[in-house]
Amino acid sequence: MPNAPTAKGRATRARIVEGAAEVLREQGVAFTTLDDIRSRTGTSKSQLFHYFPDGKDELLLAVAQFEADRVLEDQQPHLGRLDSWESWQQWRDVVVERYEIQGDNCPLGALFLQVGRSRPGARAIVTELMRQWQEQLARGMRALQTNGLVSPALDVDRTAAALLAGIQGGVTIMMSTGDSTHLKAALDTGIEHLRATASVPTAHRPVRT
């Protein structure tokens, strides 16, 4: 395909997006201009519009995708190997730490307010993020089932959806209050629910910590 982006072109676009994400985190979406982004990334106006023909909104959507990917990346490697109670506890701690560090400044939320959550592109990014997150939680729960640590009768998909909903609710409250208590409660209660379904013999039950 003659119009397919080259490796160099993909690298340049990625550099612009990453640089834009840094500026937006520092200055906020409402106060960041394309000139700020061009200055940070060392790109000309023509180069910027070559990669983002529709201008700032298209670039903001690209940064939103970058930030959405980062949500999952920040939970690794723990999110990808939830096969023991220890790994679930490590993942829980990483999630709490991530959002406590983020505080009330949510780059992803700010980006969607700017471009509009109802736009097809923005909605698709959120939908895919939640799908992947729930899928990885469900995969972890199935790993627990395989290891005999939770009941084989557990409705994995429904439980993963409920846990993700609890996390999102806890994050929303924390952003409004500055208090991570509700986020911790959602995570702890979700993990305790999993433990309560354990079907292994008593002698082999994991010790609660």
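Here is the P(r) of the stretch 120-202: all C-alpha pair distances, binned every 5 Å from 0, give 3, 15, 20, 20, 17, 13, 7, 3, 1, 0, 0 in whole percents. Normalised per residue, the accessible area of the chain is 55 Å², obtained with a 1.4 Å probe and no contribution from ligands, DNA or RNA.
Local charge for SER180 was computed over the other residues whose Cβ lies under 14 Å away, with Lys and Arg +1 and Asp and Glu -1, and equals -3. Relative to the longest principal axis of the Cα atoms of the chain, helix 56-73 runs at roughly 30 degrees.
The long axis of helix 181-196 is offset from the longest Cα principal axis of the chain by roughly 40 degrees. Overall, the chain carries a charge dipole of about 460 debye about its Cα centre when +1 sits on the Cβ of Lys and Arg and -1 on the Cβ of Asp and Glu, all other atoms neutral. Charge tally for ASP69 (other residues, Cβ to Cβ under 12 Å; Lys, Arg +1; Asp, Glu -1): -4. Using a Debye calculation, one point per C-alpha and no hydration shell, please list log10 I(q)/I(0) for the chain at q = 0.10, 0.11, 0.13, 0.18 Å⁻¹ in order. Log10 I(q)/I(0), no solvent term: -0.53, -0.63, -0.80, -1.21. Taking all protein chains together and a 1.4 Å probe, the residues MET141, MET175 rank MET175, MET141 from largest to smallest accessible area. The residue list GLY169, VAL96, LEU48 was ranked by how far each Cα lies along the charge dipole of the chain toward its positive end, using unit charges on Cβ atoms, and LEU48 comes out on top. For the stretch 93-150, the share of alpha carbon pairs falling in successive 5 Å distance bins from zero is 4, 15, 14, 17, 19, 13, 8, 6, 3, 0 percent. With 0.36 nm allotted per residue and the present C-alpha distance subtracted, the ALA161-ASP179 stretch has 4.2 nm of extension available. With a 1.4 Å probe rolled over the protein heavy atoms of all chains, the accessible area of LYS45, LYS184 falls in the order LYS45, LYS184, largest first. Distance between the pseudo-spin-label points of ARG25 and ASP104 (7 Å out from Cα toward the beta carbon): 2.0 nm. Working note: 222 nm ellipticity from helices only, DSSP H runs with n ≥ 4, each -39,500 (n - 2.57), summed and divided by the residues of the chain, gives -23000 deg cm²/dmol to the nearest 500.
Each 10 Å bin from zero up to the one holding the largest Cα-Cα distance in the stretch 1-68 carries the following percent of pairs: 21, 58, 18, 3.
The values are calculated or read from the model by the stated rules, or taken from the named source; none is laboratory data. These figures come from a predicted structure and were not determined experimentally. Reconstructed Cβ throughout: ideal geometry from the backbone, glycine too, with neighbour counts over all protein chains shown. Please note that ligands, DNA and RNA were not included when accessible areas were found on the heavy atoms of the full protein model with its side chains. Shrake-Rupley method; radii C 1.70, N 1.55, O 1.52, S 1.80 Å.
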